[in-house]
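These notes are about the structure you will find just below.
Just so you know, all these numbers are worked out from the coordinates, no wet-lab data involved. From a predicted model like this one, the values you see are computed outputs, not experimental measurements. A quick note on method: Cβ atoms are made from the backbone with ideal geometry, for glycine too, and the neighbour counts reach across all protein chains shown.
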């Protein structure tokens, strides 16, 4: 049986997604990320969501990522601070 050019390869998804939301808490990021990395369970993805921080969160995240290289994703959002009506 030949494979079709339209066949889709299955990608193994991690069992657990660890999401770290942050807003102007750059000094706590390393501690939070290290806490995840120290776990013995290894089948996870790490997602850090920066909700439009105005401090040095972005720079610190990039520095941590270059040191560890373990993030699945870093998501940067615009600040969403308005309360719904």
Within the set of pairs 6 or more residues apart or between chains, which connect a residue that is without any contact (Cβ under 8 Å) to a residue 60 or more places away in the chain inside region 9-26 to a residue that is assigned to a loop (DSSP other than H, G, I, E, B) with Cβ atoms less than 6 Å apart?
-> 14/43; 15/43; 23/51; 23/53; 24/53; 24/55; 26/55; 26/56
For region 17-33, indicate whether the set of residues that are assigned to a loop (DSSP other than H, G, I, E, B) and under 17 Å from residue 68 (Cβ atoms) is non-empty.
-> no
Of all residues in region 39-74, which are part of a loop (DSSP other than H, G, I, E, B), in contact (Cβ under 8 Å) with a residue 12 or more places away in the chain and out of contact with any helix residue (DSSP H, G or I) (no Cβ under 6 Å at 6 or more places or on another chain)?
-> 41, 43, 51, 52, 53, 54, 70, 72
